[in-house]
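Below is one structure, written out as structure tokens; comments come after it.
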Amino acid sequence: MADNLSEALKTLKLSSADSASDSVEGCLDCLLKALAHNNVETSEKIQEMGVLAMMPALLSEQNSCTPKVANIIAEVAKNEFMRSPCVEAGLIPPLVQLLNCKDQEILLQTGRALGNICYDSHSLQAQLISMGVIPTLVRLLGVHSQNTGLTEMCLIAFGNLAELESSKEQFASTNIAEELVRLFRKQVEHEKKEMIFEVLAPLAENDVIKLQLVEAGLVECLLDVVAQTVDSDREEDVAQLKTASDLMVLLLLGDESMQKLFEGGKGSVFQRVLSWVPSNNHQLQLAGALAIANFARNDGNCIHMVDTGIVQKLLELLDRHVEEGNVTVQHAALSALRNLAIPVVNKSKMLLAGVSDVVLKFLKSEMPPVQFKLLGTLRMLIDTQVDAAEQLGTNPKLVKRLVEWCEAKDHAGVMGESNRLLSALIRHSKSKEVVRTVIQGEGVKHLVTMATSEHMIMQNEALVALGLIAALDLDCSEKDFVSSNLVQVLHKLLTDEHSAPEIKYNSMILICSIMGSEPLHKEVQSLAFIDVVSNLRSHENKTVAHQASLTEQRLTAQS
């Protein structure tokens with residue numbers, strides 16, 4: 001075999017000038033046989049003999065040898081060590097050129113060759129994209145959709161290229177959505193559907209393509225897959241149900257595609273997705289809840305959904321997952337409720353429906369993603385709702401848990417949200433009872449720390465809450481204010497030139513509120529606050545300057 005191979009390689013080098021000769025064809029057959037027998041060794045030999053350099057010339061003259069040449073390149077490029085030599089031999093341009101021919105065998109072997117050379121190389125794949133292979137391949141998929149081999153070759157290529165961001169724009173300018181949906185409709189085999197799914201998922205991350213896929217009818221295909229697989233225990237059906245429902249949720253992440261499917265809440269797709277929530281299938285429950293969370297991305301949709309009773313469906317779903325629940329379903333249902341609670345008109349309706357009671361059942365959760373969404377949902381619900389803020393703020397169990405989570409150093413999101421909810425309970429209730437509960441639950445020190453946050457909105461929320469604590473119950477909070485160094489924190493906020501005007505304003509309001517406490521008053525005097533405040537009288541912000549004058553008068557009067 002080795003002798004035959006060497007002979008064939010020598011003959012090939014000599015006869016390449018006359019590429020259509022029988023001897024060339026015989027040599028190519030010998031090479032293919034040798035590659036099938038021992039690919040690595042044969043590839044090394046081809047490399048040593050410098051045969052790759054002749055390939056561009058052989059490829060450029062289309063004849064009966066062309067598919068064999070492309071096939072040899074495809075086989076050789078299966079080896080990682082041969083890919084760079086293939087590129088250096090200049091094989092990519094003539095191969096790309098061949099994608100325009102009509103011969104199906106040439107197209108198939110050319111696609112394989114390009115796929116193997118560029119396998120796992122983002123830079124080479126990007127080069128192919130810049131050479132315009134995407135529109136060419138999409139066209140091939142349309143023309144040769146009956147050819148199984150070519151179809152698979154195109155799908156594998158799309159799967160690789162779609163991972164690159166630079167490909168999305170090119171894909172969006174072709175009719176890839178229509179072609180893929182058309183192909184998907186025809187498939188019966190699980191493997192084929194999987195291949196198409198693998199292309200659809202990365203493409204559907206692009207908003208323009210999302211809309212194209214929705215318009216091409218992908219959603220109906222996905223709903224069919226769900227209907228066919230929902231009651232099956234077969235592994236491949238379970239996998240397909242997950243892929244189809246995940247893809248459905250992905251399509252809803254685009255604003256235009258989401259609104260198109262919502263159709264003012266009358267859309268059949270919207271209705272079908274709602275029916276997933278009460279299903280007994282965890283994957284469908286999850287997808288249904290996530291879909292609602294996505295539909296709830298604008299106020300109009302949220303108001304419509306709350307008015308049509310979706311909250312009840314979500315609460316029933318959550319109730320099913322309190323004990324030994326599925327964390328992803330809990331997280332998704334809470335996300336949906338949080339989004340639905342954003343419009344002001346929805347808050348009281350959702351509170352009446354008992355949302356806060358159901359959400360509180362998850363206080364015992366040890367899962368940070370669930371904790372985070374639970375906190376966000378409650379914070380949205382009590383915004384501007386005095387009674388609800390008072391009811392929750394006087395719940396010692398809730399306040400105790402919030403104080404625990406304010407110390408969750410490993411989970412910044414949970415820590416931030418629990419601080420914000422603690423502050424919100426005080427700010428929206430303005431209740432002495434809530435302030436008492438927070439003081440008893442040892443929450444004051446966390447609000448003082450929150451005032452030093454790097455996020456201005458959190459600093460502000462903390463200062464307003466602290467101001468209310470001081471105004472409503474200075475006697476009980478005095479000890480906590482002293483031990484948490486509140487006065488030093490305020491001094492730092494007022495002297496820091498980067499502090500926003502509202503931070504300076506609220507800090508001065510708070511200073512005035514704590515002057516009734518002897519130990520705090522002493523600290524204010526010892527840190528020479530009068531000088532600090534006096535400097536702020538010339539602040540460019542008129543409200544800050546005015547408050548500085550008032551605060552200075554107050555400090556002077558009490559000194």
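A few notes on this one:
- Using every pair of separate Cα atoms, the Kirkwood estimate puts the hydrodynamic radius of region 327-387 at 11.5 angstrom.
- Cα shape, region 381-455, gyration tensor, a/c 1.5 rule: prolate
- Descending Cα extents along the principal axes, region 11-138, whole Å: 38, 30, 22
- Net charge dipole size for the chain [Lys, Arg +1 and Asp, Glu -1 on Cβ; Debye, nearest 20]: 1680 debye
- For the chain, the longest principal axis of the Cα atoms and the long axis of helix 368-382 meet at an angle of about 50 degrees.
- Linear extension gain, K78 paired with H411, 0.36 nm per residue minus alpha-carbon span: 115.4 nm
- Between helix 310-320 and the chain: long-axis angle, C-alpha atoms, 0 to 90°, nearest 10: 90 degrees
- Each of I342 and L164 was given a label point 7 Å from its Cα along the Cα-to-Cβ line. The distance between the two points is 3.6 nm.
- Net charge over other residues, Cβ less than 13 angstrom from the Cβ of N506 (K, R count +1; D, E count -1): 0
- Annotation for region 394-423 versus region 483-536: alpha-carbon center distance of 26 Å.
- Rolling a 1.4 Å probe over the heavy atoms of the protein chains gives the chain an accessible area of 44 Å² per residue.
- Residue order for C154, C30 - accessible surface, 1.4 angstrom probe, largest first: C30, C154
- The chain, accessible surface, carbon-and-sulfur percent (1.4 angstrom probe): 51 percent
- The heavy atoms of M49 offer some 50 square angstrom of accessible surface to a 1.4 angstrom probe.
- Part-to-part distance (alpha-carbon centres) for region 107-172 and region 337-352, which is given in Å: 47 Å
- Over all directions, the projected convex hull of the C-alpha atoms in region 116-250 averages 7.9 nm² in area.
- Cα-based helix-to-principal-axis angle, 133-143 vs the chain, degrees rounded to 10: 70 degrees
- Charging the Cβ of each Asp and Glu at -1 and of each Lys and Arg at +1, and nothing else, the dipole of region 321-387 about its Cα centre rounds to 200 debye.
- Förster-model FRET efficiency, 51 Å R0, E324 and Q62, C-beta, rounded to 0.05: 0.20
- Kirkwood hydrodynamic radius (C-alpha pairs) into Stokes-Einstein, region 450-559, 20 °C and 1.002 mPa s, D in µm²/s: 156 µm²/s
- Considering all C-alpha pairs of region 289-413, those separated by over 19 Å amount to 44%.
- Spherically averaged projected area in nm², based on the convex hull that wraps the Cα atoms of the chain: 33.6 nm²
- Nearest-10 value in Å² for the accessible area of L253, using the 1.4 Å probe: 90 Å²
- Anisotropy class assigned to region 154-195 is oblate, per the alpha carbon gyration tensor with a/c at or over the 1.5 cut-off and a/b no larger than b/c.
- Note that region 154-161 has calculated 3J(HN,Hα) couplings of 4, 5, 5, 4, 4, x, 6, 6 Hz, one per residue in order, obtained from phi through the Karplus relation 6.51 cos²θ - 1.76 cosθ + 1.60 (θ = phi - 60°); glycine and proline are x.
The values are calculated or read from the model by the stated rules, or taken from the named source; none is laboratory data. It should be emphasised that the depicted structure is a prediction, and the values quoted were computed from it without experimental measurement. Here the Cβ is made from the backbone with ideal geometry for all residues, glycine too, and neighbour counts use every protein chain on show. Please note that ligands, DNA and RNA were not included when accessible areas were found on the heavy atoms of the full protein model with its side chains. Shrake-Rupley method; radii C 1.70, N 1.55, O 1.52, S 1.80 Å.
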